[in-house]
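*Asks:* Mind looking over this structure? Questions follow.
The values are calculated or read from the model by the stated rules, or taken from the named source; none is laboratory data. Predicted model only: the values in this text are computed from it and were never measured. All Cβ positions, even for glycine, are placed from backbone atoms using ideal geometry, and neighbour counts span all protein chains on display. Note: accessible area is taken over every heavy atom of the protein model, side chains too, but ligands, DNA and RNA are not part of it. Shrake-Rupley method; radii C 1.70, N 1.55, O 1.52, S 1.80 Å.
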Amino acid sequence: MAQITSTPVPSWGFFADGGWHKSGNDIVISSVWDRSAIAVVEEAGKDDALAAVSAAVRAFGDTRKLTSFQRASILRKIARAISARKEDFARTICREAGKPIKTARIEVDRGIYTFDVAAEEATRIYGEYIPLDTTESTGGRWGMMRRFPIGPVFAITPFNFPLNLVAHKVAPAIAAGCPLILKPAPQTPITSLMLAEIVNEAGWPVGALAVMPMSNDTGGLLVADDRIKLLTFTGSAAVGWQLKSKAGKKRVTLELGGNAATIVHRDADLSHAAQRCTAGGFSYGGQTCISVQRILVQHGVFDEFTRLLLEGVKKLKCGDPMNEDTDVPPLIREQDALRATEWVEEARQGGAKVLCGGKRHGSVVEPTVLTGTAPEMRVNCAEIFAPVVTVEPYEEFRHAVRMVNDSVYGLQAGVFTRDAGLINMAFEELEVGAVIVGDIPSFRVDQMPYGGVKESGLGREGLRFSIEDMTEPRLMVMALR
């Protein structure tokens, strides 16, 4: 349990092997808005991390034997406990991640839903009967395939969804019966430590969960440790692929970045499309991997769509994320704001036109819309992770599809059209993990398969799909005489 010290901020140990521990290495966690201290957490050392792996290996003997009823019951208890502390979680997310309070509350609701769905999926890990009496010599033989938990999991999560993206690691691990060690983002560990309290109190076996702020070097030990059977990482493409190269023979899933594109065709409801692109491009300051970054609009409706888009963007309010009316908060670090405005200026000097925004106020970047950009500009070809979108015209739908695919990324894409033939073309030809028809690429419901291709990742999240990665199929063959 967190201990209140003589300082005016709470102090958290790291959670491992069923208890709270101190290492002597204190890390101050600061508010994104005013940089005031909001907590002190303990950073686990290398010996602590290796001990957590040993505890997870021992705990696997217990978690693998839990019934689906027991696992589902634990998950439902977690969901109910989060619900009882909804505002506490939301305010913590707001302060440590800088997420607007109204958006933080939505994240908490999603986190509760993720654990609820995982409880259902824990009872739906099905097997298969396989007839094997299919040749003259195999009479009386049949097979049964079941899925068994894979073993200890090491999860690394980013700052931008400190509850729900953590839930997408923890919940399927519990549903599958796998112990899990979590390395939360260094900027946002408090939410995950709060979750550790709840998971422990829900009855998950001792040693089967560790939440440990740690250095990248310490995390690297666990990435390479053969006792870990799955590495699941959400974060940047550069880091994710580097970790995969060091993971040895263990299974790896990667949910990485993107520069998500949206196609707006001439038959679309332009007002709706502009409204959704405004929400998708600027919510939480664009700090999501499926934030709208590139908007491609059919030439005949380009001017009208752009007018509607700018009308909505100019109404957005920047400022303190704790204010109920804030839409665009500060970026997580000032250096990220500097980088974003540098890319905008680079585009402007290359001939792009800034239709609105483009300026920085400390860590706050004004909602920015650019046009006249080139594909090779970093505002298009790289992941900006900031409240910046580009809007460009196209002539034919197939040209827009090629423009979307002209990217090293391929996470999700949005398509606004009513034409069934064009929808089918998009589904068949867009090189992405998901095509969202009638909405923006930022759409996600937590049970859906979620992940990308190319630099955007490897494997799929979404509760059932994560459970599949955390389990191993095993066949039993019966030969009856």
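*Asks:* Could you pull out which residues in the stretch 176-211 have an amide N less than 11 Å from a spot 7 Å beyond the Cα of Asp88, following the Cα-Cβ vector?
*Replies:* Taking a point 7 Å out along Cα→Cβ of Asp88, the residues of the stretch 176-211 whose backbone N falls under 11 Å are 194-195, 197-198.
*Asks:* Here is a further query. Give the angle, between 0 and 90 degrees and rounded to the nearest 10, that separates the Cα long axis of helix 46-63 from the longest principal axis of the Cα atoms of the chain.
*Replies:* 60
*Asks:* Among Ile82, Asn164, Tyr409, whose Cα sits farthest toward the positive end of the charge dipole of the chain (+1 at Cβ of Lys/Arg, -1 at Cβ of Asp/Glu, about the Cα centre)?
*Replies:* Of the options given, the answer is Ile82.
*Asks:* Which value, to two decimals, describes the C-alpha radius of gyration of the stretch 219-319 once divided by 2.2 N^0.38 Å?
*Replies:* 1.54
*Asks:* Also, I was wondering about something else. Please compute the modelled spin-label separation between Lys317 and Ala37, points set 7 Å along Cα→Cβ, answer in nm with one decimal.
*Replies:* 3.2
*Asks:* Now for a separate question. Given axes a ≥ b ≥ c from the Cα gyration tensor, I'd like to know whether the stretch 28-120 is rounded (a/c under 1.5), prolate (a/b larger than b/c) or oblate.
*Replies:* Oblate is the answer for the stretch 28-120, as a/c is 1.5 or above yet b/c matches or exceeds a/b.
*Asks:* What distance in nm separates the simple spin-label points at Met448 and Asp406, each placed 7 Å from Cα in the Cβ direction?
*Replies:* 2.7
*Asks:* What length, rounded to one decimal in nm, is gained on full extension from Val57 through to Arg146, with 0.36 nm per residue of separation minus their alpha-carbon distance?
*Replies:* 29.9 nm
*Asks:* What percent do you get for the relative contact order of the stretch 97-223 when only Cα pairs under 8 Å and 6+ apart count?
*Replies:* 23
*Asks:* Continuing with this model, one more query. From the Cα gyration tensor of the stretch 115-213, with a ≥ b ≥ c the square roots of its eigenvalues, which class applies: rounded if a/c is under 1.5, or else prolate if a/b is larger than b/c, or else oblate?
*Replies:* Numbers: a/c = 3.26, a/b = 3.02, b/c = 1.08.
In terms of gyration-tensor shape, prolate.
*Asks:* Can you tell me, using C-alpha contacts under 8 Å and at least 6 residues apart, the relative contact order of the chain as a whole percent?
*Replies:* Relative contact order for the chain comes out at 17 percent.
*Asks:* Using alpha-carbon pairs under 8 Å, 6+ residues apart, how would you state the relative contact order of the stretch 295-419 in percent?
*Replies:* 25
*Asks:* If the chain between Asn424 and Glu136 were fully stretched, how many nm would it gain, using 0.36 nm times the residue separation less the Cα-Cα distance? Mind showing how you got there, number by number?
*Replies:* Details: separation 288, 0.36 × 288 = 103.68 nm, distance 4.50 nm.
Stretched out fully, the Asn424 to Glu136 stretch lengthens by 99.2 nm.
*Asks:* Moving on. Quick check on the chain: helices-only [θ] at 222 nm, where DSSP H runs of length 4 and up contribute -39,500 (n - 2.57) each and the sum goes over total residues. Nearest 500, please.
*Replies:* -12000 deg cm²/dmol
*Asks:* What is the helix-to-structure angle for 270-282, meaning the angle in degrees between its Cα long axis and the longest Cα principal axis of the chain, kept from 0 to 90 and rounded to the nearest 10?
*Replies:* 60
*Asks:* Tell me, what % of the accessible area of the chain is carbon and sulfur with a 1.4 angstrom probe?
*Replies:* 52
*Asks:* Tell me, in nm to one decimal, what length is gained between His272 and Glu346 on full extension, where the rule is 0.36 nm per residue of separation less the Cα-Cα distance?
*Replies:* Going from the current span to full extension adds 23.5 nm.
*Asks:* Something else now. Provide the FRET efficiency to the nearest 0.05 for the Arg474-Ser245 pair, computing r from the beta carbons and using R0 = 30 Å.
*Replies:* After rounding, the FRET efficiency stands at 0.55.
*Asks:* Also, quick follow-up: Could you give the accessible area per residue of the stretch 241-377, probe 1.4 Å, as a whole number in Å²?
*Replies:* On the way: 5710 Å² over 137 residues.
Using a 1.4 Å probe on heavy atoms only, each residue of the stretch 241-377 averages 42 Å².
*Asks:* OK, next. Between their Cα atoms, which of Lys22/Lys249; Lys77/Lys183; Lys183/Lys454; Lys102/Lys169 are more than 30 Å away from each other?
*Replies:* Pairs exceeding the cut-off: Lys22/Lys249.
*Asks:* Distance in nm between label sites at Arg307 and Leu50, each 7 Å beyond Cα in the beta-carbon direction?
*Replies:* 6.8
*Asks:* I'd like to know which of Val57, Ser215, Pro393 lies farthest towards the positive end of the charge dipole of the chain, counting +1 on Cβ of Lys and Arg and -1 on Cβ of Asp and Glu.
*Replies:* Most positive-ward Cα: Val57.
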